[in-house]
1. For the condition at pLDDT below 95, buried (at least 18 other Cβ atoms within 10 Å of the Cβ) and either among the basic types (Lys, Arg) or in a helix (DSSP H, G or I) (or both), what is the one hit in Leu58, Leu24, Leu54, Leu28?
2. Being among the polar types (S, T, N, Q) and touching a strand residue (DSSP E or B) at 6+ places or on another chain (Cβ under 7 Å) is true for just one of Asn200, Asn150, Asn180, Asn135. Which residue is that?
3. Across region 31-45, which residue is surrounded by the most Cβ atoms within 10 Å (Cβ to Cβ) among those that are in contact with a Leu (Cβ under 6 Å, 6 or more places away or on another chain) and in a loop (DSSP other than H, G, I, E, B)?
4. Taking the conditions exactly as written (modelled with pLDDT of 95 or more, out of contact with any Phe, Trp or Tyr (no Cβ under 8 Å at 6 or more places or on another chain) and not polar (S, T, N, Q)), does Tyr151 satisfy them or not?
5. Out of everything in region 119-132 that is hydrophobic (A, V, I, L, M, F, W, C) and touching a strand residue (DSSP E or B) at 6+ places or on another chain (Cβ under 7 Å), what residue ends up being modelled with the lowest pLDDT?
6. Scan region 176-184 and give yes if some residue there is without any contact (Cβ under 8 Å) to a residue 12 or more places away in the chain, within 22 Å of Leu88 (Cβ to Cβ) and not hydrophobic (A, V, I, L, M, F, W, C), otherwise no.
7. Working carefully through the options Ala118, Ala166, Ala156, find the one that is small (Gly, Ala, Ser) and closer than 21 Å to Cys89 by Cβ.
8. Any idea which residue in region 180-230 is farthest from Tyr31 (Cα to Cα), counting only those that are modelled with pLDDT of 80 or more, open to solvent by less than 30 Å² (accessible area, probe 1.4 Å) and not in a helix (DSSP H, G or I)?
Amino acid sequence: MHILKTKLSRPAVSHQVMMQRPVLLTQLLQYSQQAMLLIHAAAGYGKTTLMRQLSEILLEQGSTVQWLTLDADDNDPIRLYQYLCLALCGTEQKEVFTDSTITQQSIDELVQQIPQQAQATVFFIDEFEQLENKNSLNLIWWLYQYLPENYHLVIASRVRPDWSLAKEILQGRIQIVTENQLSLKSDDTSLLIDFLHQQNPKQAIMDFDLAQLLIDRTEGWITGIQLTNLYLKDHQDVTGFIQNLSGAHHQIVN
């Protein structure tokens, strides 16, 4: 199997374009200590960026971080299993599988091969919505069930996986973060002003009321705010544009 190393690497994100959200990151850091943190939100809410920022905090605290970005080809359970071996054990599985032999026992045996270590390990899985094959989805669910106590999953997905989560949530093993937590709130206004000025330093610094209006007009959708800021680089009437901003604006809709 041809290995795409980029799937196993944290995405390269420039610090200059990441909005700092310390309160949200502190909350995610706490949630990441549970068996699974599921970040479930539509496109544009900053899931990957937040996971990257969270991984940096975890590394600074001495945790081990592993990463896997999924794609449509991972609907092949054999291919997905191989990447899980690489991410968790650092080696390619040499055993020859047929589709019918990727079982719950296969995942149990994989977990037994994971190198033992004392520090916590957080395994980030991004673009989880790419998985539609039931067998591939089962592999991740079984992995969640068999991983050692010092291993934690952080999964980002645009869709909620077709798993029965109620019991796990009640037991405190799974925490779900949704668009409601990821969207910007009025409490983030000062951070947003600093972020927009960092992105566009030549533009006059947006005042507090205008920044709050921008959050309200975009419903806290981070990509909508960034698109607006890009548009404002060539737009002089900042106040007028934001006051008239709506979901019908053709560039943001596109």
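1. Leu24
2. Asn150
3. So the residue we want is Tyr45.
4. No, not satisfied.
5. Among those that are hydrophobic (A, V, I, L, M, F, W, C) and touching a strand residue (DSSP E or B) at 6+ places or on another chain (Cβ under 7 Å), it is Ala120.
6. The initial filter retains those residues of region 176-184 that are without any contact (Cβ under 8 Å) to a residue 12 or more places away in the chain, namely 180.
Filter once more, keeping what is within 22 Å of Leu88 (Cβ to Cβ): none.
Checking region 176-184: not a single residue is without any contact (Cβ under 8 Å) to a residue 12 or more places away in the chain, within 22 Å of Leu88 (Cβ to Cβ) and not hydrophobic (A, V, I, L, M, F, W, C).
7. Numbers: Ala166 fails: closer than 21 Å to Cys89 by Cβ; Ala156 fails: closer than 21 Å to Cys89 by Cβ.
On inspection, the qualifying residue turns out to be Ala118.
8. Step by step, filter region 180-230, then rank; the result is Gly220.
The values are calculated or read from the model by the stated rules, or taken from the named source; none is laboratory data. This structure is a prediction, so every number in the text was calculated from the model and none was measured. As a convention, Cβ positions derive from the backbone with ideal geometry for all residues, glycine included, and neighbour counts pool all protein chains shown. For accessibility, only protein heavy atoms count, side chains too; no ligands or nucleic acids. Shrake-Rupley method; radii C 1.70, N 1.55, O 1.52, S 1.80 Å.
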